[in-house]
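To start, the structure itself, in structure tokens.
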Amino acid sequence: MGIDYRPGGGTRRLWVAGWLLFPSHAAGATIQTSLPRPLSHAALSTLSSRGFVVVPGWLPPALTHALLADALALERDGLARSAGVGSPDGADGMRQDTAVRRSALCPLYPPPRPSAGDVDTRMLLYEATRMLCEELNDSPLLDTEALSSFHTELSYLYYPEGGYYKRHRDVPADDDGWYRLGRRPEDGGSFSQAAVRREISVLLYLNKGWRAEWGGVLRAFPEAKAEESLDALPVEGSLDVLPEGGTLVLFRSPQVAHEVMPTRRKRQCIVGWFCAVRSRTD
């Protein structure tokens, strides 16, 4: 993913995971805001040692507000769809199951059509995401596989009143979480035999002034062992994160079990994954 973005004038263009996007001036006014600050050494150290870190106020207030407005605009334009569960490579594939998950999402890769929402705002999000991916790759504290910016996943995520997501991990147990790219074996197989796996999960909350009595917290189990049954994990020792606007949450996708508790208010956030890619020679 590459970017050439000059707010306030000049040529603006954006490469997003291989998609070239020329924003329209009619899509929305350029917002006056700064990009998020780099992660602190303490935050990177916590992510390394615990596999989970919460960074309050990571998104600047103006950008948080603009992203929420864009998310709501895309929802009004009908671009949100019911979020599924499972894995395309799993035994059951992707499916709708409201007993497990009740939410909707709007994918941001590939980008939504330029006429919807505010492209300038999304360009800032893409740049902030690219910079964050580079920070994690460059940090000597993390021992993850190399993260590929061209395989980043990113979506707006919408929880209605009564929405939730039951306890899960973001990486399936099959094949150690690696998902093969290209054609399925029954369709002739992939020439490259490359595979991708989610390494770092990213959450960005967008609702300012969120109250504890509204529910909707992220409940995480950073200390849980990979072999432990999800249903058997005790609430004692878990960590509840209030979905306060501007907060960034990062965690190791294969490791950290988590759930979204039922929410009593509509809430919006951004969900994403930084992924690693392996070729057949790795």
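The values are calculated or read from the model by the stated rules, or taken from the named source; none is laboratory data. All of these numbers come straight from a predicted model, not from anything done at the bench. Backbone-built Cβ (ideal geometry, glycine too); neighbour counts: all protein chains shown. Heavy atoms of the whole protein, side chains included, go into the accessibility calculation; ligands, DNA and RNA do not. Shrake-Rupley method; radii C 1.70, N 1.55, O 1.52, S 1.80 Å.
Here are the numbers for the structure shown:
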| quantity | calculated |
| --- | --- |
| Enumeration of residues in the range 249-282 that are touching a residue at least 24 places away in the same chain (Cβ under 8 Å) and part of a loop (DSSP other than H, G, I, E, B) | S253, P254, Q255, V256, M261, P262, R264, R265, K266, S279, R280 |
| Within the range 106-129, tally of residues that are of a type in the set (D, E, K, R), closer than 18 Å to H65 by Cβ and either open to solvent by 20 Å² or more (accessible area, probe 1.4 Å) or touching a strand residue (DSSP E or B) at 6+ places or on another chain (Cβ under 9 Å) (or both) | 3 |
| The one condition in (1) at pLDDT below 75; (2) open to solvent by 50 Å² or more (accessible area, probe 1.4 Å); (3) among the β-branched types (V, I, T) that V16 fails to fulfil | (2) |
| Test for T46: is it within 17 Å of the chain's Cα centre (by Cα), of a type in the set (V, I, T) and assigned to a helix (DSSP H, G or I) | no |
| Selection count where residues are surrounded by fewer than 21 Cβ atoms within 10 Å (Cβ to Cβ), aromatic (F, W, Y) and more than 26 Å from L125 (Cα to Cα), scope the range 202-261 | 1 |
| Any hit, the range 30-51, residues being at negative phi, in contact with a Cys (Cβ under 9 Å, 6 or more places away or on another chain) and open to solvent by less than 50 Å² (accessible area, probe 1.4 Å) | no |
| Some residue of the range 107-116 being among the polar types (S, T, N, Q) and more than 30 Å from E145 (Cα to Cα) | yes |
| Selected residue (criterion: modelled with the lowest pLDDT) from residues of the range 110-139 that are out of contact with any helix residue (DSSP H, G or I) (no Cβ under 9 Å at 6 or more places or on another chain) and assigned to a loop (DSSP other than H, G, I, E, B) | P110 |
| Cross-chain or 6+ apart pairs with Cβ under 7 Å, the range 237-248 first and more than 16 Å from C269 (Cα to Cα) and part of a loop (DSSP other than H, G, I, E, B), then open to solvent by 10 Å² or more (accessible area, probe 1.4 Å) and among the charged types (D, E, K, R) | G237/E223; S238/R219 |
| Criterion violated by V171 - all others in (1) under 17 Å from the mean Cα position of the chain (by Cα); (2) part of a loop (DSSP other than H, G, I, E, B); (3) at pLDDT 95 or above; (4) not hydroxyl-bearing (S, T, Y) satisfied | (3) |
| Filtered residue count, the range 262-274, keeping only those that are more than 23 Å from W214 (Cβ to Cβ), buried (at least 22 other Cβ atoms within 10 Å of the Cβ) and hydrophobic (A, V, I, L, M, F, W, C) | 1 |
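Condition check ((1) out of contact with any Asp or Glu (no Cβ under 7 Å at 6 or more places or on another chain); (2) of a type in the set (D, E); (3) farther than 23 Å from G246 by Cα; (4) open to solvent by 30 Å² or more (accessible area, probe 1.4 Å)) across all residues:
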residue: A62; (1), (2), (3), (4): yes, no, no, yes
residue: S82; (1), (2), (3), (4): yes, no, yes, yes
residue: T98; (1), (2), (3), (4): yes, no, yes, yes
residue: E134; (1), (2), (3), (4): yes, yes, no, yes
